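These notes are about the structure you will find just below.
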Amino acid sequence: MIPGPGRVAVGMMTDPKRPIRFRFDGRTFRGLAGDTLASALLANGQQIAGRSLKYHRPRGILTCGPEEPCALVELAGKQGREPNRPATMVELYEGLEADSQNRWPTLHFDLLRTSELFARFLPAGFYYKTFMSPGRAWEYLYEPVLRRAAGLGRLRSSGKAPHLPAEILHDHLDVLIVGSGTAGLAAAQRLARRGLRIMVAEEDSVLGGGSLLDERWTLWRQAALRNLEALPTVRCLTRTAVIGAYGHGVFAALETLTGAESTRLAGLRERLRVIRSRSVIFATGAIERLVAFPGNDVPGVMLAGAALKYLRRYGVAAGRQPAFFLNSDEAYECVFAFAAAGIKHGTIIDVRAGSPAADRARALGYEVIHRGRVQAVLGRAYLRGLRVSAGENQPLRKLKADCLLISGGYTPAIALATQLGAEPRWRDDIAAFTAELSPALGQLAGAARGITGLAAGATDGESAARLVASQLGQEFGADPPATTLPADPETAALSPLWEVPGEGKSFVDLQNDVTCEDVRLAAREGYEHVEHMKRYTTHGMATDQGRIGGLLGSAVLAQARGLAVSEVGQPKARPFAQSVPFAALAGAEAGEHFKPKRRLPLHDWHESAGATFVNIGLWLRPLVYSQHPGWEPVLNEARAVRSSVGITDLSTLGKIDVQGPDAARFLDFVYANAFSNLRVGGARYGLMLREDGMLFDDGTTSRLANEHFLITTTTANSAAVLEHLEFQLQANWPQLDVQLTDVGDHWAQFAVAGPRSREVVSSVVTGLELSNAAFPFMSAAAARIADVAGRVFRISFSGELAYELSVPALHARTVWTALLAAGTPYSIVPYGLDALNTLRIEKGHVTGAELNGNTSADDLGMQRMLKKQGDYIGRSLAQRPGFYAPDRLQLVGVRPLDAQRRLRNGAQLLRPGARTGSLGYLTSVTAAAAFDGWVGLALLSAGRSRLGQRLVAASPTHAENVDVEVVSPHMYDPENLRVRA
Amino acid sequence: MLRINCPWCGVRDEAEFRYRGDASLARPEQSAPAAAFAAYVYERDNELGWHREWWLHVGGCRKLLKVTRHTLTHEIREVSG
């Protein structure tokens, strides 16, 4: 008899006529089509699959599903190597290459095992008490060593990351059914008959859940799937795990594609599904749990239900000399499966006194030790035997075995339900928590509700369906013809089994190497609450999320504290229920598509004119019309504006049309300065405050008619200002007769600026006299521009004589081209954002850099704009004494004493010779067009009283200290002669 | 993620709306002292329980809604325009 695991029968999923070759740790093996990597390794007698995280103990395959904590492998694929893939979930394909992790040099001879010799110094939380001194050792010793030793898998980049397709799909349902066991399929059939939109989400690759493991249910299952397939309103998805329940009927699910589907869809590997459902049935089943005893992690120890699955699905036996350590009749299905596969000898260690299943097992040829306990495991790299006790005052027996199948009970999978607020409820009969969900949200059904038995589950699924249907306002019709369900076998009660104390490590979490002793240590150190114990020990914090050891950890904690398990509880479950690749969450919105791009109406023109673009918010804006780096092209543009004329595209400005009998009154309320007294045809600079008195936004607002205004906002705040105005109107002023319309995208807007701008604009504008007398500074009027109906505003951001021309976006190119043509005699240049910034900084105009949310009107020297009469947003708190404190940061200009020195944004202003004691900082800096060298704006403590003072602009990150002089921010043409020309 | 039943547009995702704060507060009159404005701007009860609040449907009709939401469970029991 060859000891160890191997293929002993034909499995449901595997095809013996289709062998597959694969490599593991460099060795070639043979498996079958339908195998997982785990079942194929076991079929080949390979028991050991990896090394544990902390102690580097050899580990085998513990489960047959997504909750696998030990057999995490590194998979070689087209996208490079992927770490931490559970071998139980990797579907075998020809040429698959996988490697075990966390061992060096080999799996069987791992030098890092020596860490176990230091186990005494490595209990839970050891890193809180170590690596403290010397501090400098962190950089060259502790960190490099820890980084190499920590973690299981290695992230290896294969160079440039390939851009794989990703997809997020949205589903709208009446009922989401999570799980396709007997409860889920029964519920689906009942609900589907009512014409409701149903989705059954099954995380396994096949539908059927527990019914797949009992041959008597095959016909029922096949009939159920046929019924469901025939209905257009029902979808059954496999490989689709619901990973989060977010409330309001919103769920997220991760659907993994098969290799063939993936190839067909250009490499799409998984898709995220965002599900919006009116109700939900959690038929999520129950997860078998671990038992703690010394050596419960040795390769060869496996959950009984997993061994059952390996036999039925893959024809693979976990060993030929099995031993079983059980506490329930349900777990005996594993024994009967071994018997059916021809392995009719073995020992069952049952903690209970007797049961029908034990009798049946004995009749098949197994030895059953009642009131037995496994005291220890013999063997290190693989299981060789056990030491068991057989009841009170019985001597210990040594047993030979090559696998130990254990079951501590079944924990209802209620994580998703608790995310919706379902209260966990302790059930003594199953020694576990189930949950109760508010009926308005949905139902639990079957094993998730603590129901045992497939037939009982099906019945429970039906009643859950009835409750959900009634909640959705649909009554059930007559009951369908009764189908005889295969009867559930008679079972005796389960007896709680948590820990068998003894010498050696007993694990409660196999992925993070957390032992019972660690849990007790946490309690001793004061981390008594289960949430504290979890974080102190990291129990349940790995990718298995404590699915098989969670309740066990709580039980050990309860015992240490002298409490019942029901009083200790379990840590709160949160999304995601399993690992999700970032690529799946990002969907198609990655790289170029991470954010939408907003292009100007003239984008193509700017591009062909050689502009370098910058991404500001979502806009692509021309920074400078040159591909050369450096300040020269920028200053050329700016100087052209100051000396002759330039044109720039300001279409990104927010524009809000305000109309109605109460428009003026409304503007008086939202602006700190008055607008009701603005003449028709006038434009005025406006300040908006927040209700806390801070500056919110500025812009130019024009009065086009008595009841018609046009607000402009800064680009960055356009959406925020519109929302703010809409909120104020509807919340605080619903009685006003005002209409707001966002016209930001309707109008293209250009500034033509410079001493020659009037000539240029006059030659394309008709219907409007543009002399200084007829159209003075701060005027607004309708006109035809290049024979396009639009508007002309005489405002200036640059500090030169300037006009802003507004035309419908559709005509942008016509008008822009006409203006360029009109400007040719004056050598008109297009100028970009950099030049615009240079011009406005020289002029002392503020932008978001100065309206940073922490500045008041007084800080920026605009206190005289605040109106004295009438209420407005921010009025009350703008008067607070704190805003007038003498040392507040106030707007000033800054010029370096040496024209060769540059300034840096964010540089701190210090007294000469000081190393600390910042007095303020630079907010906007530029190489100047109108001056020699650089200029900047700054917020400086008591700035207005420091004009003429010499300070130092210090930027430690650039190692630069620049001597500067404090000047008025209005550096260029402070008398405003040029704008009024 | 909340799903809010806009009276004009139907049930929509939270992402379509902008939260605008406590709807049970009234802006003080102009004559009210600064302390009243400070309370209006800065002070909130932050109670566990039903909260009457503003949501602006920026991704849809742009109407301002009053929503009654439970601050612990996020259940919404009333939406009015």
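Where does each of A:40-52, B:35-47, A:779-791 land if you order them by average Cβ count within 10 Å, highest first?
By packing density, highest mean first, the sequence is A:40-52, A:779-791, B:35-47.
Say each of A:Ala390 and B:His74 gets a label point 7 Å from the Cα, pointing the same way as Cα to Cβ; how far apart are those two points in nm?
Between A:Ala390 and B:His74, the simple spin-label model gives 5.7 nm.
Assign unit charges at the C-beta atoms only (+1 for Lys and Arg, -1 for Asp and Glu), then state the dipole size of the stretch A:93-158 relative to its Cα centre in Debye, rounded to the nearest 20.
The calculated dipole for the stretch A:93-158 is roughly 360 debye.
Please list, ordered by chain and number, the residues whose modelled amide H lies under 5 Å from the amide H of A:Ile349; skip anything fewer than 5 residues away on the same chain.
A:Phe324, A:Phe325, A:Leu326, A:Ile369
Can you tell me how much longer the chain between A:His746 and A:Glu503 gets when fully stretched, taken as 0.36 nm per residue apart minus their C-alpha distance, in nm with one decimal?
Taking A:His746 through A:Glu503 to full extension adds about 79.6 nm, to one decimal.
Any residues in the stretch B:48-81 that have 20 Å² or more less accessible area with all protein chains than in their chain alone, probe 1.4 Å, and which are they?
B:Trp54, B:Leu56, B:Arg62, B:Leu64
With each label point set 7 Å from Cα along the Cα-Cβ vector, what nm distance links A:Glu139 and A:Ala223?
It is 7.5 nm.
Nearest 0.05, what FRET efficiency do B:Arg52 and A:Ala340 give at R0 = 60 Å with Cβ-Cβ as r?
FRET efficiency, B:Arg52 to A:Ala340: 0.40.
Calculated FRET efficiency, A:Ala590 and A:Asn615, Cβ-Cβ r, R0 22 Å, to nearest 0.05?
0.85
Taking K and R as +1 and D and E as -1, what net charge do the other residues with C-beta under 9 Å from the C-beta of A:Gly50 add up to?
+3
Go ahead and collect, in residue order, the members of the stretch A:58-97 whose backbone nitrogen is under 12 Å from a label point 7 Å along the Cα-Cβ direction of A:Glu116.
Residues passing the 12 Å test: A:58-60.
Tell me the total accessible area that B and A bury against each other, 1.4 angstrom probe, in square angstrom rounded to 100.
Counting protein atoms only, the buried area is about 2200 Å².
Quick one: grab the alpha carbon gyration tensor of the stretch A:584-661, order the square roots of its eigenvalues as a ≥ b ≥ c, and give me rounded if a/c is under 1.5, else prolate or oblate depending on whether a/b is larger than b/c.
oblate
Using a/c under 1.5 as the rounded threshold, could you call chain A rounded, prolate or oblate? The axes a ≥ b ≥ c are square roots of the C-alpha gyration tensor eigenvalues, and prolate needs a/b larger than b/c, oblate otherwise.
prolate
How do the peptides A:189-198, A:625-634 rank, highest first, by the average count of neighbouring beta carbon atoms within 10 Å per residue?
Descending mean neighbour count gives A:189-198, A:625-634.
Between A:Ser945 and A:Gln863, what is 0.36 nm times their sequence separation minus the Cα-Cα distance? Round to one decimal in nm.
Taking 0.36 nm per residue and subtracting the Cα distance, the gain is 27.9 nm.
Determine the dipole magnitude for the stretch A:197-237: charges of +1 sit on the beta-carbon of Lys and Arg, -1 on that of Asp and Glu, nothing else is charged, the reference point is the Cα centre, and the result goes in debye to the nearest 20.
So the magnitude is around 240 debye.
Can you tell me which of A:59-69, A:384-394 comes out highest on packing, and rank the rest after it, using the mean Cβ neighbours within 10 Å?
A:59-69, A:384-394
Can you work out the FRET efficiency for the pair A:Leu155 and A:Glu525, with r the C-beta to C-beta distance and R0 = 35 Å, to the nearest 0.05?
E between A:Leu155 and A:Glu525, to the nearest 0.05, is 0.60.
Just counting partner chain Cβ atoms within 10 Å, what average do the residues of peptide A:869-878 show around their Cβ?
Per residue, the average neighbour count from other chains is 3.
Nearest-5 percent of antiparallel DSSP beta bridges in chain A?
Approximately 75 percent, going by the DSSP bridge assignments.
Is the shape of the stretch B:20-81 rounded, prolate or oblate, going by the alpha carbon gyration tensor and its root eigenvalues a ≥ b ≥ c, with a/c under 1.5 for rounded and a/b larger than b/c for prolate?
Verdict is oblate for the stretch B:20-81.
Considering only protein heavy atoms and a probe of 1.4 Å, how much of the accessible area of the stretch A:721-827 is carbon and sulfur, as a whole percent?
That fraction is 56 percent.
Quick one: which residues, 5 or more positions from A:Phe613 or on another chain, have an amide H under 5 Å from its amide H? H modelled 1.01 Å from N in the peptide plane, none for Pro or chain starts.
Distant-sequence amide H within range of A:Phe613: A:Leu623.
In square angstrom, rounded to the nearest 10, how much accessible surface does A:Val377 have for a 1.4 Å probe?
Near enough 20 Å² of accessible area.
Can you tell which of A:Gly754, A:Met865, A:Leu940 lies farthest toward the positive end of the dipole of the protein assembly as shown, using +1 and -1 charges on the Cβ of basic and acidic side chains (Lys, Arg; Asp, Glu)?
A:Leu940
Once phi is turned into ³J(HN,Hα) by the Karplus curve 6.51 cos²θ - 1.76 cosθ + 1.60 with θ = phi - 60°, what whole-Hz value does each residue of the stretch A:4-11 show in order, with x for glycine and proline?
With coefficients 6.51, -1.76 and 1.60, one gets x, x, x, 7, 10, 7, 8, x Hz.
Whole Å is fine, so just give me how far the alpha carbon centre of the stretch B:1-25 lies from that of the stretch A:215-280.
Comparing the Cα centres of the stretch B:1-25 and the stretch A:215-280, I get a distance of 30 Å.
Towards the positive end of the charge dipole of the protein assembly as shown, with charges on Cβ (+1 Lys, Arg; -1 Asp, Glu), say which of A:Gly617, A:Asn677, A:Ala241 has the farthest Cα.
Positive-end residue among those listed: A:Ala241.
How much length is gained on full extension from A:Asn854 to A:Glu759, taking 0.36 nm per residue of separation minus their Cα-Cα distance?
30.0 nm
At A:Asn706 and A:Glu769, where each label point lies 7 Å from the Cα along Cα→Cβ, what is the point-to-point distance in nanometres?
Result: 2.4 nm between the two label points.
Any chance you could check the stretch A:208-249 for residues losing 30 Å² or more of accessible area when the partner protein chains are in, compared with the chain on its own (1.4 Å probe)?
A:His248
Rank A:His708, A:His811 by accessible area, highest first, at a 1.4 Å probe radius?
Per-residue accessible area, sorted high to low, gives A:His811, A:His708.
Evaluate peptide A:688-700: per residue, the Cβ atoms of other protein chains within 10 Å of its Cβ; return the mean as an integer.
Partner Cβ neighbours, averaged per residue: 1.
Roughly how big is the protein assembly as shown's charge dipole about its Cα centre, with Cβ charges of +1 (Lys, Arg) and -1 (Asp, Glu), in debye to the nearest 20?
In total the dipole reaches around 1780 debye.
The values are calculated or read from the model by the stated rules, or taken from the named source; none is laboratory data. What you see is a predicted model; the values in this text were computed from it and never measured. Note: ideal-geometry Cβ built from the backbone for every residue, glycine included; neighbour counts use all protein chains shown. Ligands, DNA and RNA are excluded from the accessible area calculation, which covers all protein heavy atoms including side chains. Shrake-Rupley method; radii C 1.70, N 1.55, O 1.52, S 1.80 Å.
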